[in-house]
Each structure stands twice: as C-alpha cells, then as structure tokens.
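Notes for the one structure printed next.
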Amino acid sequence: MKRALVWLLGGVHLLVTLTGCGGKDTSTSPEGTVTIQREGGSTELTVESKRGTVAMKGDESQVTITTGEGTAVVEMSPAVTEEEVGLPFYPRATVEQVMRQTTEDGEQYVQARLMTPDGFAEVKSFYQEKLPEATVTGEVDTEAIKTFQAMLEEDNAKKMVVVSRDASNQQTKIVLHTSVTVE
C-alpha cells in the first residue's frame with residue numbers, strides 16, 4: 001500500500017502538470033512502458049513494469065490511481081465533513097485536498113489536508129484539547145520547522161493528526177488521516 005501512495009503523490013503532480021495538452025505519447029525502456037494519453041481536460045497515465053501496472057486518470061479537480069493494491073481518489077478542491085474524516089477540523093482552516101482510498105481487502109482511508117494562517121502553537125493546542133486521549137507520536141520544535149503528530153485508535157479506526165509549519169511559510173498545515181478496517 002505504501003508503494004501505491006508514493007505513486008499517488010508523483011502521479012497527481014504529473015497529471016495536474018500534463019492536463020490540458022493533447023495527444024498520446026508512449027515511452028519504452030527495459031524497465032517498462034509509460035503511456036500518456038491527453039484528451040480535452042483529462043490525462044491518463046499508465047505505467048507497466050515487471051512490478052505491475054499503475055494507471056492514473058484525472059484532471060485538475062480529481063485523479064484516480066489504480067494499482068494491484070487498490071484504488072485511490074485524490075480530489076483537489078473537495079467537499080468533506082468532519083464526520084467523514086472522523087476528526088475535528090480546526091475552526092479557521094480551509095480544506096485544500098482530500099484523498100480517499102479503499103483497498104481490495106476493504107480497508108478504507110480518508111486523508112484531508114487543511115491550511116490556516118493561525119500560528120502553530122494555537123493549532124497544536126486545539127488538537128491537544130479536542131483529542132486528550134491521543135498519544136503524541138512525534139514532535140519537532142526548531143527555528144526552521146515545528147511539527148506535532150498524535151494518534152489514537154477507536155474501535156476499528158486508526159486516526160492521526162499532523163500539524164506543521166516551517167519558517168518560510170505563513171500557513172500552518174494540518175493533515176487528518178483515518179483508516180478503517182471493515183470487518
């Protein structure tokens with residue numbers, strides 16, 4: 001599954017970059033074949049190698065990635081609720097991106113990336129107050145970067161909150177991730 005997420009991140013960037021161009025290109029090497037098909041506002045990228053096939057299709061608003069491990073959908077400007085994510089949204093944050101994925105064995109993931117101009121300490125305090133049962137699993141506090149990571153498990157769900165801000169950015173990033181094992 002981790003391999004699919006690596007493909008996902010690179011593929012989303014590539015698809016968004018390529019969308020809008022027209023035509024079909026195929027490149028073949030000893031490692032495999034890459035085909036890019038562009039039509040209208042949509043792009044489809046297929047990578048075939050000895051390790052398997054990865055297919056990515058989408059436009060500026062949504063990308064679907066399919067591998068032998070499952071399918072993931074990334075929405076660039078999505079609508080999502082706190083109930084769907086299973087974690088509280090910071091009040092002055094905006095949702096920037098959502099990824100939903102269901103694996104072949106039925107595990108469901110939802111991840112939302114939020115941004116706020118509010119300071120790191122304020123956002124961190126909000127999540128510590130709202131999730132007192134969460135275990136802090138990582139924390140960095142330097143001049144260059146500040147991060148806070150906490151996890152909790154409820155029934156068949158694993159939930160994670162990551163708050164970060166680097167010195168070069170005027171925004172605090174919040175990543176909310178929930179995975180649910182369907183029984």
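The values are calculated or read from the model by the stated rules, or taken from the named source; none is laboratory data. What you see is a predicted model; the values in this text were computed from it and never measured. Here the Cβ positions follow ideal geometry from the backbone for every residue, glycine too, while neighbour counts run over all protein chains shown.
Quick check on segment 116-123. Is at least one of its residues of a type in the set (D, E, K, R), modelled with pLDDT of 95 or more and not in a helix (DSSP H, G or I)? Let's see the steps before the verdict.
First pass over segment 116-123, keeping only residues of a type in the set (D, E, K, R): 118, 122.
Restricting the remaining residues to those that are modelled with pLDDT of 95 or more gives 118, 122.
Going one step further and asking which of them are not in a helix (DSSP H, G or I), we end up with 118.
Within segment 116-123, one or more residues are of a type in the set (D, E, K, R), modelled with pLDDT of 95 or more and not in a helix (DSSP H, G or I).
So that you can scan it fast, the table gives a plain yes or no per residue for (1) among the β-branched types (V, I, T); (2) without any contact (Cβ under 8 Å) to a residue 24 or more places away in the chain; (3) farther than 30 Å from V123 by Cβ; (4) touching an Asp or Glu at 6+ places or on another chain (Cβ under 8 Å):
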{"site": "T53", "(1), (2), (3), (4)": "yes, yes, yes, no"}
{"site": "S61", "(1), (2), (3), (4)": "no, yes, no, yes"}
{"site": "E69", "(1), (2), (3), (4)": "no, no, yes, yes"}
{"site": "L87", "(1), (2), (3), (4)": "no, no, no, no"}
{"site": "V98", "(1), (2), (3), (4)": "yes, no, no, yes"}
{"site": "T102", "(1), (2), (3), (4)": "yes, no, no, no"}
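Of all strands (runs of 3 or more DSSP E) completely enclosed by segment 31-70, which ones contain at least 1 residues that are farther than 23 Å from Q97 by Cα? Before the answer, list the steps.
On the way: elements: 32-39, 42-49, 52-58, 62-67.
Counting at least 1 such residues, we get 32-39, 42-49, 52-58.
Within the bounds of segment 91-110, is there any residue that is part of a strand (DSSP E or B) and basic (K, R)?
So in segment 91-110, the residues part of a strand (DSSP E or B) come out as 94-103, 108-110.
Among the residues that remain, those that are also basic (K, R) are: 100.
Checking segment 91-110: at least one residue is part of a strand (DSSP E or B) and basic (K, R).
Within 28 Å of I65 (Cα to Cα) and free of Cβ contacts under 8 Å to residues at least 60 places away in the same chain - does that describe any residue in segment 136-149? Spell out the reasoning first.
Of segment 136-149, the ones within 28 Å of I65 (Cα to Cα) are 149.
The next check asks that each one be free of Cβ contacts under 8 Å to residues at least 60 places away in the same chain; those that pass are 149.
Scanning segment 136-149 turns up at least one residue that is within 28 Å of I65 (Cα to Cα) and free of Cβ contacts under 8 Å to residues at least 60 places away in the same chain.
Considering segment 128-183 alone, what residues qualify as being out of contact with any Pro (no Cβ under 9 Å at 6 or more places or on another chain), over 26 Å from T103 (Cα atoms) and not in a strand (DSSP E or B)?
The answer is Q128, E129, P132, E133, T142, E143, A144, A167, S168, N169.
So how many residues does segment 153-174 have that are surrounded by fewer than 17 Cβ atoms within 10 Å (Cβ to Cβ), modelled with pLDDT of 90 or more and hydrophobic (A, V, I, L, M, F, W, C)?
1
Quick check on my filter: what residues within segment 93-108 are surrounded by 14 or more Cβ atoms within 10 Å (Cβ to Cβ) and at pLDDT 85 or above? Give the steps one after another, and end with the answer.
At the first step, the residues of segment 93-108 found to be surrounded by 14 or more Cβ atoms within 10 Å (Cβ to Cβ) are 93, 95-103, 107-108.
A93, V95, E96, Q97, V98 - these are the residues of segment 93-108 that are surrounded by 14 or more Cβ atoms within 10 Å (Cβ to Cβ) and at pLDDT 85 or above.
Suppose we filter E133, E129 for residues that are without any contact (Cβ under 8 Å) to a residue 12 or more places away in the chain, exposed (fewer than 13 other Cβ atoms within 10 Å of the Cβ) and of a type outside the set (S, T, Y); which single one remains?
On the way: E133 fails: without any contact (Cβ under 8 Å) to a residue 12 or more places away in the chain.
Testing whether each residue is without any contact (Cβ under 8 Å) to a residue 12 or more places away in the chain, exposed (fewer than 13 other Cβ atoms within 10 Å of the Cβ) and of a type outside the set (S, T, Y) leaves just E129.
Given the condition farther than 27 Å from I174 by Cβ, modelled with pLDDT under 90, surrounded by fewer than 17 Cβ atoms within 10 Å (Cβ to Cβ) and basic (K, R), answer yes or no: does some residue in segment 8-28 qualify?
Scanning segment 8-28 turns up at least one residue that is farther than 27 Å from I174 by Cβ, modelled with pLDDT under 90, surrounded by fewer than 17 Cβ atoms within 10 Å (Cβ to Cβ) and basic (K, R).
With respect to E143, is the statement that it is more than 16 Å from G86 (Cβ to Cβ), exposed (fewer than 11 other Cβ atoms within 10 Å of the Cβ) and over 19 Å from the mean Cα position of the chain (by Cα) true? If you could, list the steps in order and put the result at the bottom.
On the way: more than 16 Å from G86 (Cβ to Cβ): yes; exposed (fewer than 11 other Cβ atoms within 10 Å of the Cβ): yes; over 19 Å from the mean Cα position of the chain (by Cα): yes.
Yes.
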